[in-house]
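Novice: Quick one: structure below, then a few questions.
Read the figures in this text as sums done on the coordinates, not as results from a lab. All values reported here derive from a predicted model rather than from experimental measurement. Cβ atoms come from the backbone with ideal geometry, glycine included; neighbour counts cover every protein chain shown.
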Ligand code: SF4
């Protein structure tokens, strides 16, 4: 499972908004590594720089120095489909104009009625470059604003047309906008810079922390924020629907130092581990976490079970999605490119290994084989989420049902195929209990239950 994007925005006249956005995007880099982009509004126009690569590959001192202004938005993108050229076209922010007045948009999520919107735009003679849902949203907003004459009304009218998941930021020459789908599927929060310097919006609170902004509140589902020299203004762009925030953010996508809707992600993962130890106890010598998201859960499992925690798997941190691709021979090393076991720690030991999720099962199978080759006596897999049975249509890159191992095999069949001594998943009730610090009761859990909110 891969998160497909992170968004960031800042309104701070007199500050280096491009540099702040660059740092915000680095804090959100885990949400997308294929492309990065920043748009800046300088009072007269909106300039965009974007390209394929990590944030630090796309931006350097000269490119940031050329982006002066009062408002900025930024985007990091993950994508699996399409060639590099398609990826370049699809990179964000997208720039468009309303009666020659420019604006730029960045989007996290996926629209579910893209085809209908595309058809509408085709009929109106719009020419699309990438054809992605985010570019379509940009064009829809440009057209609705032409009719309503005000960008905020145009965004509200577009929100009534767009279905699915969206947390969006828009930058004009003079203002920053942030808005969110009526279900609140993807996260988006607001922060305040010190000494009245301005405001920041970010997919996660870790993006606020890095620029010294204090968390103010979540952007509410269906809400539109407008931040400009006139201050911060809020309106309800479209009525809020029954709340359905993505529960998987706590399991895997979000950074552990982020807090979403009042629940810290690290704390939720630790609770998942504790509850797993209650639901599926096992006799073992050591608890190991698969880095990074499995580690807090492994600590929780160790605390609850009394089995000691050990660092038995080391992550190769700097093997990312870069332009430097491994050779075919290196690819055959598979999981070894990213994770390496510590034989001195695990040899002869009965291990409980905590991981966040099972999608196709290939990684778990290779992990078990790798740990056995490093001398593990027993390998008991414990997963901090329920079985993934359904694809996600809300901004997460998942496989089809046919490819999801849990949709096609029983737990015992999966255990045998992975070669583990035992295998257990956290129940949905357990996962909901682990995130009980959340201030609202509404979650999307469609990838586990098939109950799609949209
Ligand atoms: S289907 Fe799963 S991954 Fe997608 S939004 Fe819902 S909970 Fe999150």
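Novice: With label points built 7 Å along Cα→Cβ from the Cα atoms of residue 432 and residue 451, find their separation and express it in nm.
Specialist: 0.6 nm
Novice: To make sure I understand, if each residue's beta carbon is the centre and we count other beta carbons within 10 Å, what order do 211, 352 fall in, fewest to most?
Specialist: On the way: 211 23, 352 31.
Fewest-to-most Cβ neighbours within 10 Å comes out as 211, 352.
Novice: At a 10 Å Cβ-Cβ cut-off, how would you order 318, 177, fewest neighbours first?
Specialist: 318, 177
Novice: Rounded if a/c is under 1.5, else prolate if a/b is larger than b/c, else oblate: which is the range 264-440, with a ≥ b ≥ c the root eigenvalues of its Cα gyration tensor?
Specialist: It is rounded, given that a/c, with a ≥ b ≥ c, falls under 1.5.
Novice: Kirkwood Rh, the chain, all Cα pairs: how many Å?
Specialist: It is 22.7 Å.
Novice: Something else about it: Tell me, how many Å apart are the Cα centres for the range 91-116 and for the range 374-448?
Specialist: A separation of 34 Å, based on Cα centres.
Novice: Counting each pair of different Cα atoms once, what's the Kirkwood radius of the range 2-241 in Å, rounded to one decimal?
Specialist: When all Cα pairs of the range 2-241 are included, the Kirkwood radius is 17.2 Å.
Novice: Give me 94, 75, 440 sorted ascending by neighbouring Cβ count inside 10 Å, so fewest comes first.
Specialist: Least to most surrounded, the residues fall as 440, 94, 75.
Novice: Grab the Cα-Cα distance for residue 129 and residue 317, subtract it from 0.36 nm times how many residues apart they are, and report the gain in nm with one decimal.
Specialist: Here the segment from residue 129 to residue 317 would lengthen by 64.2 nm.
Novice: I need to check one value: relative contact order of the range 300-454, counting alpha carbon pairs closer than 8 Å and at least 6 residues apart, in percent.
Specialist: On the way: 214 pairs, mean separation 31.5, N = 155.
Answer for the range 300-454 is 20 percent.
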